[in-house]
Structures are given as C-alpha cells and as structure tokens.
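A.B. asks: Got a structure for you, questions after.
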Amino acid sequence: MAAGKSSGVAAEKNASQRKAINGDSAVSSYAPSPADSPRHSASSTSLSSLASTDAPAPKKNYGKLIDTYGNEFEVPDFTIKEIRDAIPKHCFERSNLRSFSYVARDIALLATTFYLWHNFVTPEYVPNKAARVVLWGVYTFLQGLFGTGIWVLAHECGHGAFSASKTVCNVTGWFLHSALLVPYYSWQLSHSKHHKATGNMERDMVFLPRTREQQATRLGKMVHELHELAEETPIVTLIHLVGQQTIGWWNYLLTNVTGHNNHERHREGRGKGKKNGFGGGVNHFDPRSPLYENRDAWAIIMSDIGIACTISILVYLCKQFGTANMFVWYFLPYMWVNHWLVAITFLQHTDPSLPHYTEEEWDFVKGAAATIDREFGFIGRHLLHGIIETHVLHHYVSTIPFYNADEATEAIKPVMGKHYRADVKDGPVGFIKSMWKAARWCQWVEPTEGAEGPAKGVLFFRNRNGLGTAPAKIAAPVAK
C-alpha cells in the first residue's frame with residue numbers, strides 16, 4: 001500500500017515537472033488517431049505510399065545531441081526519394097516460385113527433423129536416458145529455429161514482400177501464421193502501424209520505451225530523483241529479461257505491452273476508456289480493439305478463426321498422442337519461436353545509439369533510421385531469412401523480398417552514410433550479449449541535458465546503472 005501511494009504521489013508531481021525535462025514540446029498537441037501515417041494506407045508501408053516525404057525537411061538547429069554512448073548524434077537529413085532511387089530496380093521484384101521454395105524448404109526441415117528424432121532418438125537407438133533428454137532438447141532448439149523461419153516468411157506475406165499478388169500473400173501468411181498461433185491479419189494491421197510510426201513516442205506500436213517521467217512513476221520516485229538512484233541489481237535485470245523472452249509475445253498480443261497507450265485519440269472513438277493491460281480492452285483478438293478501425297472487424301475475426309483451427313488440431317493431437325509428447329514436439333519449439341521473435345524485435349529497436357522522437361520532431365525518414373542491423377551468422381542469414389541483418393532497409397521499403405535485401409542494403413548505405421547503424425561485432429555471440437547490454441543500458445528515454453528548442457524532441461536512452469551518458473540532473477521543484 002505504501003508503494004502504491006508513493007507511486008501515485010510521484011505520478012501527480014511528475015506531471016508538474018515535465019517542463020523541467022522536455023519543455024512544452026514533450027507534451028504533444030497531436031490530436032488525430034494514433035493510426036495516422038504520412039499518407040493513409042491500410043496495408044502498405046512501401047515508399048510509394050509515402051511520396052509526400054520525398055522533399056527534404058527544412059533544416060533545424062538541434063544543437064549538440066548526445067546519445068547513450070556519449071557520441072554526438074546528428075538527425076538524418078536525406079529523403080525517401082534518395083533511398084528509393086539508390087536501390088536497383090530488380091531488388092523490388094518478387095518471385096512466387098522462389099518464395100514458395102523457401103516455404104517448402106522450411107517445412108521439409110521441420111518434417112525431417114521430426115522424422116529423425118521420432119524414429120531414432122528412442123531407447124532402442126539411444127539407451128542412455130540423459131543422452132535422450134539432451135538430444136530432445138536439441139530437437140526443440142532446431143525446430144524453434146525452423147519455425148522462426150516460417151514465422152519470417154509469414155512476416156514477408158504481411159508486408160507484400162512474398163508475392164506481387166495480395167491474395168497469395170494473405171492466404172499463405174494466414175496459413176503459416178495460424179499454424180504458429182499468430183493472428184495473421186490482426187498482427188499485420190498493428191505491425192503496419194508500427195512501420196508508419198517507428199520511433200514516434202506518441203504512436204509507435206513495438207518496444208516503445210518509457211519516458212523519464214513514466215520510469216519515475218513506475219518506480220514511485222520523482223522525476224528529479226532518477227539521476228540519484230542506485231544501480232538496478234543484475235538479478236532484477238535478469239528476471240525482467242526472462243519474463244520478456246518467455247511470455248513477452250503473448251503479453252503483447254493480449255495487452256499491447258510495449259505499444260503506445262494513447263487510445264483515447266482514436267479517430268473513430270473506439271479507444272474511449274481503454275488502455276494497455278489485462279482487461280483494458282486493447283488486444284489483438286477483439287474486433288472492437290482500438291488497435292484497429294471499424295473496417296478491420298472481419299480481418300480480426302478471420303485471424304481468430306485461424307487460431308481456433310490450430311488450437312482444435314492441437315487438442316486433437318494431444319488426445320491422440322498424449323500431452324507430454326505434444327509438449328516436446330510442438331509447445332517447446334513454439335516457445336523457442338516466441339523467444340527468437342521477441343529477441344529479434346527488441347534488438348532491432350533498442351540500442352544505446354538509437355534515438356526516439358516526439359510527435360513534433362518525428363518523420364518517417366528519421367523513424368526508419370532509428371533501427372539497427374545486427375549479425376547472427378549462418379542461422380540469421382539462412383534459417384531466419386536475414387531478418388536480423390537487413391532490418392534498416394526493411395523499414396524503408398518493406399515490400400523488397402528478403403532474398404534481395406542484402407543487395408538493397410548495400411545500395412542505401414552511401415545515402416544514409418553515418419545514419420546507417422549496425423552492430424555486427426562477434427556475430428551470433430554478440431547478438432546474444434546485446435540482449436543483456438540493451439536491458440542494462442536502455443531503461444528510459446529523455447532529451448540531451450540542456451537541450452533547447454527542437455532538440456527537446458530528440459530523446460535518447462538513459463539508465464540508472466552508471467553506464468554511458470548519465471541522466472540529466474534536474475533540480476527538485478521549489479515548494480510553494
């Protein structure tokens with residue numbers, strides 16, 4: 001009860017301190033729906049749908065911006081047209097034959113692995129029980145990787161990168177995602193909005209960080225006290241990471257955790273009284289959810305039907321072969337898929353070098369550049385179809401198929417210059433280590449200390465762990 005009271009008092013007082021951190025620009029006057037985008041489009045995030053941002057934005061004086069590493073940051077100054085023009089035309093071409101060949105390959109990997117383990121990792125061939133347990137553990141890991149590959153191909157479908165045919169994309173994506181208990185259309189619609197508002201503190205849908213004020217409220221502290229707090233113990237960080245990697249995906253689907261919470265602004269009024277969290281009315285399964293528009297109702301229902309079909313099949317298989325067997329054959333690999341999905345998305349959008357923007361300072365070019373490529377070696381480039389290694393390009397042109405993404409990425413690097421970000425050190429090991437680093441370094445966002453004018457709308461990660469650039473020192477409010 002004392003903690004709850006403390007948190008409530010902090011929330012009330014933090015509101016009065018917001019100007020001390022960000023000034024008036026941090027409190028957006030933006031009133032339209034969070035679904036608004038540079039150019040309204042229900043399913044496309046391609047460059048052609050964002051032609052209104054072809055012209056360069058007027059130059060602003062941001063002064064000296066400092067990222068979490070302590071490096072000086074410059075706001076991107078290129079245009080979408082420059083990105084589009086740099087990419088070879090053939091990179092935009094999609095091949096049904098090639099795309100379906102990857103689906104066939106991944107299904108063959110899943111089926112072959114199951115056949116080998118089911119028939120040969122048995123007491124007859126492997127009499128040592130401990131050895132069988134280890135081998136079946138390897139099975140769940142491998143099937144998780146192959147299943148993630150299927151997930152990525154369905155992701156391609158959701159963006160229209162799988163085929164030039166919208167019907168082919170949606171039918172294929174619905175079957176593939178439904179098999180993995182993913183509500184295909186529901187995810188497709190909210191994910192499209194993420195692409196249209198990446199890095200936007202008012203409207204982004206995925207791994208949106210807390211502001212300094214929100215972090216203080218969560219801890220039951222005052223805004224000015226954050227720079228004085230002791231280090232978060234590593235065990236707390238570990239518990240958070242384990243929770244994120246085990247239940248994070250379903251928490252996102254059911255409660256919109258890490259997505260924006262500005263649902264009251266929904267232009268159709270469907271967000272009134274709704275908020276993120278269990279029972280808050282914001283999820284990926286209810287056609288009335290403020291994540292969607294009225295016209296999307298049947299798409300959400302179709303997604304739910306796909307999930308219901310898969311659950312029915314799984315229940316039948318559990319009755320036929322036993323729940324214990326199905327737990328190993330399907331559910332543990334499924335948990336691995338969810339782990340990789342969350343880890344990949346988390347590290348695509350969370351890094352000490354990345355900025356976020358208030359509504360006033362955000363635009364599509366800046367937001368898409370607020371992502372980072374990483375390296376996961378053979379697994380990433382072949383089994384996971386390059387989703388880790390070419391994510392920056394994907395945020396600029398999401399309809400380019402993954403098998404052309406490497407070439408397209410190389411083509412846009414000269415245009416982006418220093419604004420292109422990648423962390424490829426140590427390959428797959430570096431990728432795993434980055435999860436811990438991001439969790440320790442990236443706890444909330446705030447402007448550079450002493451920022452004025454538009455610079456108040458460019459936010460960087462800070463932490464209480466003494467890592468990188470320290471949080472701004474803010475004087476305590478004077479009692480009246």
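A.B. asks: For segment 199-222, how many residues meet the condition of being over 28 Å from D363 (Cα atoms) and in a helix (DSSP H, G or I)? Quick ask: steps written out before the conclusion?
C.D. replies: Let us first name the residues in segment 199-222 that are over 28 Å from D363 (Cα atoms), namely 217-222.
Narrowing the set further to residues that are in a helix (DSSP H, G or I) leaves 217-219.
The number of residues fulfilling the criteria is 3.
A.B. asks: So, one more: Quickly run through segment 267-284 and pick out the residues that are open to solvent by 40 Å² or more (accessible area, probe 1.4 Å), in contact (Cβ under 8 Å) with a residue 24 or more places away in the chain and in contact with a helix residue (DSSP H, G or I) (Cβ under 9 Å, 6 or more places away or on another chain).
C.D. replies: E268, F278
A.B. asks: Same structure again: I'm trying to understand the selection: among the residues of segment 68-97, which are closer than 16 Å to L459 by Cβ, within 25 Å of the chain's Cα centre (by Cα) and open to solvent by 80 Å² or more (accessible area, probe 1.4 Å)?
C.D. replies: Correct list: Y69, N71, E74.
A.B. asks: Go through segment 441-463 and report how many residues are outside any strand (DSSP E or B) and either crowded, with 20+ Cβ neighbours inside 10 Å or β-branched (V, I, T) (or both).
C.D. replies: 9
A.B. asks: Oh, and also: Which one of these is within 27 Å of F331 (Cβ to Cβ) and open to solvent by 70 Å² or more (accessible area, probe 1.4 Å): I235, I239?
C.D. replies: Among I235, I239, only I239 is within 27 Å of F331 (Cβ to Cβ) and open to solvent by 70 Å² or more (accessible area, probe 1.4 Å).
A.B. asks: I would also like to ask the following. Within the group E231, E268, E225, which residue is of a type in the set (D, E, K, R) and part of a helix (DSSP H, G or I)?
C.D. replies: Exactly one residue qualifies, and that residue is E225.
To keep it simple, each residue is scored yes or no on (1) under 30 Å from C91 (Cα atoms); (2) of a type outside the set (V, I, T); (3) surrounded by 21 or more Cβ atoms within 10 Å (Cβ to Cβ).
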| site | (1), (2), (3) |
| --- | --- |
| L153 | yes, yes, yes |
| E156 | yes, yes, yes |
| V168 | yes, no, no |
| Y184 | yes, yes, yes |
| G199 | yes, yes, yes |
| E202 | no, yes, no |
| Q215 | no, yes, yes |
| L219 | no, yes, no |
| G243 | no, yes, no |
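A.B. asks: Kindly indicate which of G8, G23, G70 is on the phi > 0 side of the Ramachandran plot and modelled with pLDDT under 95. Break it down into steps so the answer makes sense when it comes.
C.D. replies: Working: G8 fails: on the phi > 0 side of the Ramachandran plot; G70 fails: modelled with pLDDT under 95.
Matching residue, one of G8, G23, G70: G23.
A.B. asks: In addition: Are any of the residues in segment 110-131 of a type outside the set (K, R) and within 27 Å of the chain's Cα centre (by Cα)?
C.D. replies: Looking for residues that are of a type outside the set (K, R) and within 27 Å of the chain's Cα centre (by Cα), one finds at least one in segment 110-131, hence yes.
The values are calculated or read from the model by the stated rules, or taken from the named source; none is laboratory data. Note that the structure is predicted; figures quoted are calculated from it, not measured. Backbone-built Cβ (ideal geometry, glycine too); neighbour counts: all protein chains shown. Side chains are part of the model used for accessible areas, which takes the heavy atoms of the whole protein and leaves out ligands, DNA and RNA. Shrake-Rupley method; radii C 1.70, N 1.55, O 1.52, S 1.80 Å.
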